[in-house]
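One structure below.
The values are calculated or read from the model by the stated rules, or taken from the named source; none is laboratory data. Small disclaimer: the values here were computed from a predicted structure and weren't measured. Here Cβ is always computed from backbone atoms with ideal geometry, including for glycine, and neighbour counts include all displayed protein chains.
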Protein chains: 4
Amino acid sequence: MNKNRLEAFSDGVLAIIITIMVLEIKIPHSANIQDLLKILPTFLSYLLSFIYVGIYWNNHHHMIHTLQKVSGPIMWANLHLLFWLSLIPFASGWMGENHYKPYPTMLYGIILLMAAIAYFILQGVIIKVEGKNSKLNQAVGNDWKGKASIVCYLAAVCTSLKWPWFAQVIFVFVAIMWLLPDRRIEKVMHS
Amino acid sequence: MNKNRLEAFSDGVLAIIITIMVLEIKIPHSANIQDLLKILPTFLSYLLSFIYVGIYWNNHHHMIHTLQKVSGPIMWANLHLLFWLSLIPFASGWMGENHYKPYPTMLYGIILLMAAIAYFILQGVIIKVEGKNSKLNQAVGNDWKGKASIVCYLAAVCTSLKWPWFAQVIFVFVAIMWLLPDRRIEKVMHS
Amino acid sequence: MNKNRLEAFSDGVLAIIITIMVLEIKIPHSANIQDLLKILPTFLSYLLSFIYVGIYWNNHHHMIHTLQKVSGPIMWANLHLLFWLSLIPFASGWMGENHYKPYPTMLYGIILLMAAIAYFILQGVIIKVEGKNSKLNQAVGNDWKGKASIVCYLAAVCTSLKWPWFAQVIFVFVAIMWLLPDRRIEKVMHS
Amino acid sequence: MNKNRLEAFSDGVLAIIITIMVLEIKIPHSANIQDLLKILPTFLSYLLSFIYVGIYWNNHHHMIHTLQKVSGPIMWANLHLLFWLSLIPFASGWMGENHYKPYPTMLYGIILLMAAIAYFILQGVIIKVEGKNSKLNQAVGNDWKGKASIVCYLAAVCTSLKWPWFAQVIFVFVAIMWLLPDRRIEKVMHS
């Protein structure tokens, strides 16, 4: 099986997810500035989700880049990841429209948590196929970032009903953690 | 004619189908957990359809992979398959919103049946072009899975008006049958 | 400039056009068969438009396949074609929802006419760049099909306000004319 | 990192942006010509935005074409550009539905301004990585067009609240400026 088509399909799904999210920002029916400001929470929610999908695209790119051969389990683990990511527009829209209230915040956290777990599973399946000496395994190392993210999302889900603002702080914090350049994979690739 | 562009176009259409389906899950206008639970049937319907489109993408990938040369009939048989698959978001949304009632269930079964027949036709057209000794023909063998699926969908359509729950059981059963690894094509490819 | 990216972008746009058209088929809010039958005109309109976009994708594929080098004018002539094709979902939805009434039928005819003219222009620009001895010029020949389509669409637009059903007959007739295999380009390519 | 996947992802996002914009043209519920004419402003707004996204795709194509190697900063600068472009359908729809009133016009200008700045940043990041002697740097030269566009958008934003029609004139003027063939990059590429 060819890894190019896995990349192309994943790129397609991620490109569509990132773009249809903007459809959740409903066009105000008047031309007032007040009506525009009302959609500010939805806009901020869109911005956060755009960054998250961007991070996943970036990491996914690096992960698949090291891949030698696509097997059935890799393909399904990849679809499993895309499934959770495909729910981000829904959760993001619900959270934005309802001004970051407890339940929408919790759902957003659950989707991020499930996507992180799905990413973790995909990584594990690839390393299992490619072997302990694979480039991916060396690059990932002990994967503290992936594990820390899962712990953070869990904390966000648990606190979301009581302190939804704290869960939001965690979402922003994790995004910044991933945005800061991670030289692990790049370093191993070029050595 | 180039098979890469057939793959790219099919990947694009399948990626969009799988992603726009999520737009059928309408965002609740309140932030209550009750309103979220109301969309559970739509979510489950989305999950089932996501798995079906994933299965088609996977099988389509294998089928086109063995292709040597794209002809006009292959292209139109492929578009015919994409046509029926493109109706899955509609049927899935109607079924989910109406809690798996008889007619939506019947329509969903008809769409799956037509897609399965279209897949069967595409397979036949490719084998006719590539010849009896082609890799695809050897890989497909007597194609019991494809034929069994068609029989199952027919059974689902026939029983949907009286026992819609039974039709749903069939949909889940067929999906599981395809999810279990099928080593036919992969085995022949690597021999 | 690279023709692969022109193909990829055009494939992307065509794949999205063909798929978002299905969003124009609004999900009925009840589970009755009567409500489903009400969307039959929209469905037939979708079917017709799906076939038209499929024909354009097929012909576009052949045309670009013979291309040696992408220039600025080719790129803009291609975007011009995509612009008119991108309006098909709108015209198709309006026509289906209003049961093939005069004005929607006329608009649909105008969009098809403009797309056909845009295709004609793109073809001309490519032949001008590639030269009279190019494969495309030989393959296209006197291009009776392209010219006949433009005449037919003109006839459909002119008659649409008085006899919208006649314009529909023309739309179906032109689609069938293109669906029947055209060996012109394929023959020259393989000689 | 591979520049093909950056191109494919950007192409996907741009293709989706250009195509989902058409969803902002809401289908009139009657078949009258008057109702069709009511959406004329939305249509013109769609046309303008289609041309802008087409210009960005064209320029982006040329810029990435000269690229040797994709780094993290290039990828994020590219996503930053795509973010602002992804807001064009929203701003375009709001402007069209509200007949080019002051605030929607201002928002449209701000989005175009931010996209132009993001393009400028991406260009700078690429030139920084590729070096002063890179093909892109020579091709871009003093980049008067890019700088002039930013000045024009600024002027449009500043005047939009008082004379929205003047801002529209600027939008059309900048689009025409970019549509006229720019031989800078092409010339250097072929030398």
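Remarks
- Those residues of region C:1-12 which are under 24 Å from C:Ser92 (Cβ atoms), among the small types (Gly, Ala, Ser) and facing another protein chain (nearest Cβ under 7 Å), in sequence order: C:Gly12
- Selected residue (only one of D:Tyr153, D:Tyr119 is surrounded by 20 or more Cβ atoms within 10 Å (Cβ to Cβ), touching a Leu at 6+ places or on another chain (Cβ under 6 Å) and closer than 20 Å to A:Ile51 by Cα): D:Tyr119
- Wholly within region A:22-91, helices (runs of 4 or more DSSP H) carrying at least 1 residues that are at the interface with chain D (Cβ under 9 Å from one of its Cβ atoms) and surrounded by fewer than 19 Cβ atoms within 10 Å (Cβ to Cβ): A:33-38, A:40-65
- Selection status of C:Ala148, out of contact with any Ser or Thr (no Cβ under 8 Å at 6 or more places or on another chain), in a helix (DSSP H, G or I), among the aliphatic types (A, V, I, L, M) and crowded, with 17+ Cβ neighbours inside 10 Å: no
- Qualifying residue in region A:80-92 (condition: modelled with pLDDT of 95 or more, aliphatic (A, V, I, L, M) and touching a Pro at 6+ places or on another chain (Cβ under 8 Å)): yes
- Restricting D:Tyr108, D:Tyr119, D:Tyr100 to residues that are in contact (Cβ under 8 Å) with a residue 40 or more places away in the chain and either assigned to a loop (DSSP other than H, G, I, E, B) or of a type in the set (Lys, Arg) (or both) narrows the list to D:Tyr100.
- Residue, farthest from the other protein chains (Cβ to nearest Cβ), within region D:164-183, restricted to residues that are at pLDDT below 95 and more than 20 Å from D:Ala115 (Cβ to Cβ): D:Arg183
- Condition check for D:Ala139: more than 27 Å from D:Ser71 (Cα to Cα) and either out of contact with any strand residue (DSSP E or B) (no Cβ under 9 Å at 6 or more places or on another chain) or at pLDDT 95 or above (or both): no
- A:Ala15 more than 12 Å from chain B (Cβ to nearest Cβ) and crowded, with 20+ Cβ neighbours inside 10 Å: no
- Being touching a helix residue (DSSP H, G or I) at 6+ places or on another chain (Cβ under 9 Å) and closer than 23 Å to B:Gly54 by Cβ is a condition met by at least one residue of region A:31-52.
Residues are listed down the side, and each one gets a yes or a no for (1) among the hydroxyl-bearing types (Ser, Thr, Tyr); (2) at pLDDT 95 or above:
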site: B:Gly12; (1), (2): no, no
site: B:Ser30; (1), (2): yes, no
site: B:Asn59; (1), (2): no, no
site: B:Pro104; (1), (2): no, yes
site: B:Leu113; (1), (2): no, yes
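- Taking the listed residues D:Val22, D:Val53, D:Val13, the one that is out of contact with any strand residue (DSSP E or B) (no Cβ under 6 Å at 6 or more places or on another chain) and touching a residue at least 60 places away in the same chain (Cβ under 8 Å) is D:Val13, with no other qualifying.
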